[in-house]
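Sending over a structure as C-alpha cells; questions will come in a sec.
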Amino acid sequence: MSSFMQAVIDGDVVEVCKQLKSDPKLANCIQDEMTPLLSACQFRHPKVVRALLESGSNPNESLDDGETPLHIAAFDGCEECVRILLQHAADVNVRTTDGKTPLMNAAQGGFPLIVELLLNAGANVTTSDNVGRTALHWAMIGEHDEALIARLLIKAGADIGASNANADTALDYARAMNKPTLLGELK
C-alpha cells in the first residue's frame, strides 16, 4: 500500500494534504480497486474527505458495482462525510448496479440523521431497487429496530403498501425480521 493511501486510511489529514500538494493526481488514484475518497468514507475520516474533494476528487466516482462515496458514508453512518459529500454535489439519488441508493443504505444501516439529511437533499423515497425494495423495505432488513427511520420515510411519502418482486411489503419484512418497534410504525 502506498504511503498516501495509508495516510488516507489512518485519517492523517496533514500527510494527505502534504502529498496532495506535491502530486494533485493522487486525489483520484486507484489502489486495490479503491480510490482515496471511497477509502476516506469507509474509514469515516471527514477531514480527509473534505481535503480530497477540495483537491479534485469526484464525489460521484463509483466502484464496479456502482457504489459511490455517498453510498459508503451513508451505510457506515458517517454523518459528517455525508454532509461534506452533499456540499460537493454528490448525487443523492445515484443507484448501484443492483439499484440501491444512499437512502436505502442509510435506512438499512439504522442512521436516522443521515436518512433525514438525504431526504432534505432530495432523495427519492419511492425509488425501488432492481427487485422492488424501497428504502422502507431496507429499513426492515437492517440490524436495528429504529422507529424514527420508518417515521421519516413515511412522512416523506414512502408507500407502506409497496411490494417487492415477491409481493412482500415492508410490513411483511418487519414481521419476518421480528422488528416490533418498526412493525408498530407500519400498522
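Looking for whichever is out of contact with any strand residue (DSSP E or B) (no Cβ under 9 Å at 6 or more places or on another chain) and buried (at least 18 other Cβ atoms within 10 Å of the Cβ) here; the options are P24, P69. Which one fits? Explain how you work it out, then say what you get.
Values: P24 fails: buried (at least 18 other Cβ atoms within 10 Å of the Cβ).
Matching residue, one of P24, P69: P69.
Search the range 46-57 for residues that are over 19 Å from A74 (Cβ atoms) and pair each with any residue that is buried (at least 21 other Cβ atoms within 10 Å of the Cβ) when their beta-carbon atoms are under 6 Å apart and the residues are at least 6 apart or on different chains.
Short answer, once both residue conditions are applied: A51/V16; S55/L20; S55/A27; G56/A27.
Now for a separate question. Could you grab the pairs with beta carbons closer than 6 Å, sequence gap of 6+ or different chains, first residue in the range 1-15 and closer than 16 Å to C41 by Cβ, second one buried (at least 20 other Cβ atoms within 10 Å of the Cβ) and among the small types (G, A, S)?
Going by the 6 Å Cβ cut-off, the qualifying pairs are V8/S39; V8/A40; I9/S39; V13/A51.
Next up: Does any residue in the range 157-179 that is under 15 Å from D145 (Cα atoms) come within less than 7 Å, Cβ to Cβ, of a residue that is charged (D, E, K, R) and surrounded by 15 or more Cβ atoms within 10 Å (Cβ to Cβ) six or more places away or on a different chain, and which pairs are these?
As it stands, the answer is K179/D145, since those pairs meet every condition given.
Looking at A174, A167, A150 in this structure, which one is part of a loop (DSSP other than H, G, I, E, B) and either of a type in the set (A, V, I, L, M) or on the phi > 0 side of the Ramachandran plot (or both)? Steps first, answer last, please.
Numbers: A174 fails: part of a loop (DSSP other than H, G, I, E, B); A150 fails: part of a loop (DSSP other than H, G, I, E, B).
It is A167.
Any residue at all in the range 69-85 that's on the phi < 0 side of the Ramachandran plot and free of Cβ contacts under 8 Å to residues at least 12 places away in the same chain? Explain how you work it out, then say what you get.
Going residue by residue through the range 69-85, those that are on the phi < 0 side of the Ramachandran plot are 69-76, 78-85.
Next cut, free of Cβ contacts under 8 Å to residues at least 12 places away in the same chain only: none.
No, the range 69-85 contains no residue that is on the phi < 0 side of the Ramachandran plot and free of Cβ contacts under 8 Å to residues at least 12 places away in the same chain.
So, in the range 74-123, of the ones that are part of a helix (DSSP H, G or I) and in contact with an Asp or Glu (Cβ under 8 Å, 6 or more places away or on another chain), which residue ends up surrounded by the most Cβ atoms within 10 Å (Cβ to Cβ)? Lay out the reasoning, then the answer.
Initially, the range 74-123 is screened for residues part of a helix (DSSP H, G or I), giving 74-76, 79-87, 102-109, 112-120.
Restricting the remaining residues to those that are in contact with an Asp or Glu (Cβ under 8 Å, 6 or more places away or on another chain) gives 104, 109, 112-114, 117.
On the way: M104: 31, G109: 20, P112: 19, L113: 14, I114: 27, L117: 21.
By that ranking, first place goes to M104.
Here, each number is a calculation from the coordinates, and none is a lab measurement. What you are looking at is a predicted structure, and each value in this text was computed from that prediction instead of being measured. For neighbour counting, all protein chains shown are included, and Cβ atoms are generated from backbone atoms with ideal geometry for every residue, glycine included.
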